[in-house]
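Reading through the structure tokens given below for one structure.
The values are calculated or read from the model by the stated rules, or taken from the named source; none is laboratory data. Worth saying up front: this structure is predicted, and the values here are computed from it rather than measured. Virtual Cβ from ideal backbone geometry, glycine too; neighbours counted across all protein chains shown. For the accessible areas, the whole protein counts, side chains as well, though only heavy atoms, and no ligand, DNA or RNA atoms are used. Shrake-Rupley method; radii C 1.70, N 1.55, O 1.52, S 1.80 Å.
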Amino acid sequence: MTNSFAVTRNPTPASDADRARLMDSPPFGTVFTDHMAKATWTLDGGWDDHRVDPFSELTLHPAALVLHYGQQVFEGLKAYRWADGSVHLFRPESNAARFAASAHRLALPELPEEDFIASIEALLSVDSPWVPHEPESSLYLRPMLIGTEPCLGVRPSLTVEYMLLASPVGAYFAGGVKPVSIWVAQGFHRAGAGGTGQAKTAGNYAASMLPQQQAQDNGCGQVLFLDAREDKYIEELGGMNVFAVMADGSVITPRLTGTILEGVTRNSVIGLLCDEGHDVVERDLELEELRAGVARGEVVEFFACGTAAVVTPVARLVSPDFDLTVGEGKPGAVTMAVRERLTGIQYGRADDVFGWMRAVA
Ligand SMILES: *Cc1c(COP(=O)(O)O)cnc(C)c1O
């Protein structure tokens with residue numbers, strides 16, 4: 001049975017004018033809506049107190065487990081405004097399932113999938129005016145679980161809070177899609193066998209920040225991680241999966257090894273490319289093979305994908321040993337076609353042949 005999230009309305013919501021000002025091209029993830037959804041878990045009582053409250057800061061004990069040992073998982077998905085004014089989610093049941101799998105890995109209680117979706121619907125029942133109307137904009141949704149018990153002992157928290165935040169975001173590429181340069185991480189890995197690589201958890205991001213800084217110091221926008229065991233296979237970027245497009249139209253993406261996060265976008269892109277007649281191969285891809293393929297003109301496009309930026313063309317692969325331009329160094333045809341088809345489905349412009357969209361408001 002799905003729990004209902006009881007709504008307590010914010011007594012002082014943003015005025016229409018304030019909301020319009022706040023929603024005018026905010027930097028990613030800096031503006032939040034009037035409300036947030038919550039639920040509380042205790043060992044004895046299980047999940048309880050499902051609710052939508054006015055957005056507020058937290059009161060957290062300084063010894064809360066999450067602050068010391070990082071017992072946390074999160075999700076990221078978007079609500080899209082269609083031209084007719086309606087609001088839709090993209091494959092939210094996939095995010096719900098991944099949220100539960102991540103929670104399991106972090107020894108956190110799983111929030112039932114139907115409650116995950118009910119929390120989004122309840123939040124949007126009061127905050128749908130925050131779903132922007134501009135092209136390529138959306139309301140970014142951030143569900144998370146944190147261990148809240150005050151305890152410096154290393155063990156799973158006996159109290160856990162679920163929270164769902166919503167943040168209006170503008171087009172990721174204001175002024176047109178721009179290709180990104182990526183830096184191949186030197187001496188750092190994102191995840192190892194048996195670790196937390198396939199869970200969406202804060203610690204993976206914490207570990208990616210220093211290599212990400214080095215990427216920036218080398219003029220690159222993103223960092224590409226190789227596998228930890230052999231330091232030779234391509235895995236993914238800090239928060240995006242990757243694809244290589246070959247001259248013959250076939251496409252290669254690293255297979256899921258347990259150290260790669262399975263993106264909903266990755267899975268959708270595979271489905272769309274197959275539907276367009278591309279041969280999509282999930283397999284190990286060595287950096288050396290990619291380098292040689294790019295140099296010989298066999299790899300003609302390379303792109304990254306994830307919820308935030310959708311599909312991002314990669315123009316350059318950089319390391320201390322090489323600096324390679326992929327294809328012509330501009331967004332490729334296959335990359336841009338799959339981007340257009342995916343955003344077309346998300347914004348209701350293209351036929352939803354896979355039944356991915358779910359109307360919510
Ligand atoms: C969230 C995430 C992705 C992309 O997943 P989507 O479901 O497509 O947004 C890829 N890699 C990592 C490490 C991630 O955390």
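Across segment 6-169, the volume of the C-alpha convex hull divided among the residues equals 119 Å³ per residue.
Our note on the geometry: Cα centres of segment 242-310 and segment 7-50, 36 Å apart.
Of the GluC sites (Glu not before Pro) found in segment 158-241, the ones in coil according to DSSP and having at most 12 other Cβ atoms within 10 Å of their Cβ are Glu230. How would segment 229-337 be classified by its alpha-carbon gyration tensor: rounded, prolate or oblate, with rounded meaning a/c under 1.5 and the a/b versus b/c comparison settling the rest? Rounded is the answer for segment 229-337, as its axis ratio a/c remains below 1.5. Length gained on full extension, His133 to Ala20, computed as 0.36 nm times the residue gap minus the Cα-Cα distance: 39.6 nm.
Heavy-atom accessible area with a 1.4 Å probe sorts Phe173, Phe302, Phe55, largest first, into Phe55, Phe173, Phe302.
Taking all Cα pairs closer than 8 Å and separated by 6 or more residues, the relative contact order of the chain comes to 18 percent. Within the same chain, lysines fewer than 8 places from Lys200 are excluded, and of the rest, those with a Cα less than 29 Å from its Cα are Lys38, Lys78, Lys178, Lys232.
Computed over Cα pairs, the Kirkwood radius of the chain leads via Stokes-Einstein (0.890 mPa s, 25 °C) to a diffusion coefficient of 114 µm² per second.
Rounded to the nearest 10 square angstrom, Ser94 shows an accessible area of 40 square angstrom against a 1.4 Å probe. Loop-located trypsin sites (Lys or Arg not before Pro) across segment 191-289 with a Cβ neighbour count of 14 or fewer within 10 Å are Arg229, Lys232, Arg255, with loop assigned by DSSP. Per residue, segment 180-346 exposes an accessible area of 39 Å² to a 1.4 Å probe, with every protein chain left in place. In this structure, the amide hydrogen of Gln222, modeled 1.01 Å from its nitrogen in the peptide plane, lies closer than 5 angstrom to those of Ser181, Trp183, counting only residues at least 5 positions away or on a different chain. In the chain, the longest principal axis of the Cα atoms and the axis of helix 202-217 are about 40 degrees apart. Largest accessible area first, the residues Leu43, Leu164 order themselves as Leu43, Leu164 under a 1.4 Å probe with ligands, DNA and RNA left out. Considering only protein heavy atoms, what is the solvent-accessible area of Ile252 at a probe of 1.4 Å, reported in Å² to the nearest 10? Surface open to solvent at Ile252 totals about 10 Å². Measure nothing fancy, just the Cα-based angle from helix 264-275's long axis to the longest principal axis of the chain, in degrees from 0 to 90, nearest 10. Roughly 50 degrees between the two axes. Summarising the amide proton neighbourhood of Val281: residues at separation of 5 or more, or on other chains, whose placed amide H is nearer than 5 Å comprise Val251, Ile252, Thr253. Summing Lys and Arg as +1 and Asp and Glu as -1 over all other residues whose Cβ lies under 10 Å from the Cβ of Val326 gives a net charge of 0. A DSSP coil position with no more than 13 other Cβ atoms inside 10 Å describes the following chymotrypsin sites (Phe, Trp or Tyr not before Pro) in segment 6-49: Phe28.
Taking the longest Cα principal axis of the chain as reference, the axis of helix 287-296 is set at about 50 degrees.
Report the Cα centroid-to-centroid distance between segment 206-239 and segment 74-145 in angstrom, as an integer. If we compute the Cα centre of each part, the gap is 28 Å.
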